[in-house]
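So the structure is just underneath, and the comments pick up after that.
The values are calculated or read from the model by the stated rules, or taken from the named source; none is laboratory data. Please read all numbers here as calculations on a predicted model, not as lab measurements. Glycine also receives a Cβ, built like all others from the backbone with ideal geometry; neighbour counts cover every protein chain displayed.
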Amino acid sequence: MNERTLVRCCVVGIISGIILIYFLSKVQVYQHIDIGKINRNYIGQVVNITGEVKRVKNKNGNLFVTVADESGEVLVVIWKSIAEASKTKGNDLKEMKVGDNVTIIGEVSMYKGRLEIIPISTNIYLHK
């Protein structure tokens, strides 16, 4: 193999590697967790939860939703802007009701001593 061919192979390999790294960085997998296992150690982390809607409160377009699975329950705060953005994707969160199943990807935070989840972007999926 001559030097020119070797250089071409290296350039192709480098470009392929950069493209692969780019696409892999776009794929994010969030840890699915039982709601009851969420504790202070998860504050600031993004989690993926699935559960049943137990309560829904709409306050000025902001939704305060209690979601529960067999291990526990957590408050999910869906800001008005997220609820409206979800509607444009065909997922009208204002129609969410007690008994619906939902999957939410969000950041664990604490407000007034209580753990809650704030969805990141429109990562809220109703399963009707």
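Tally up the residues in the stretch 58-100 that are surrounded by fewer than 13 Cβ atoms within 10 Å (Cβ to Cβ) and of a type outside the set (S, T, Y), please.
The total comes to 10.
Would you confirm, using the coordinates I've provided, whether E52 is surrounded by fewer than 11 Cβ atoms within 10 Å (Cβ to Cβ) and among the charged types (D, E, K, R)?
no
Among the candidates N91, N60, single out the residue that is modelled with pLDDT under 95 and touching a helix residue (DSSP H, G or I) at 6+ places or on another chain (Cβ under 8 Å).
N60
Filtering the stretch 101-110 down to residues that are modelled with pLDDT of 95 or more and either among the aliphatic types (A, V, I, L, M) or over 16 Å from N48 (Cβ atoms) (or both), which residue is surrounded by the fewest Cβ atoms within 10 Å (Cβ to Cβ)?
Looking at residues that are modelled with pLDDT of 95 or more and either among the aliphatic types (A, V, I, L, M) or over 16 Å from N48 (Cβ atoms) (or both), I get M110.
Residue by residue through the stretch 60-89, note down the ones that are in a loop (DSSP other than H, G, I, E, B) and either hydrophobic (A, V, I, L, M, F, W, C) or within 17 Å of the chain's Cα centre (by Cα) (or both).
Residues satisfying the conditions are W79, K89.
Filter the stretch 90-106 for residues that are more than 21 Å from G36 (Cβ to Cβ) and either in contact (Cβ under 8 Å) with a residue 60 or more places away in the chain or in a strand (DSSP E or B) (or both) and give the result.
Correct list: empty.
In the stretch 39-59, what count of residues is obtained for those that are of a type in the set (A, V, I, L, M, F, W, C) and under 15 Å from the mean Cα position of the chain (by Cα)?
Residues meeting the conditions: 4.
Residues being on the phi < 0 side of the Ramachandran plot and assigned to a loop (DSSP other than H, G, I, E, B): count how many of those fall in the stretch 37-59.
Number of matching residues: 4.
Taking the conditions exactly as written (at pLDDT 85 or above, farther than 18 Å from K37 by Cα and touching a strand residue (DSSP E or B) at 6+ places or on another chain (Cβ under 9 Å)), does V74 satisfy them or not?
No: the conditions fail for V74.
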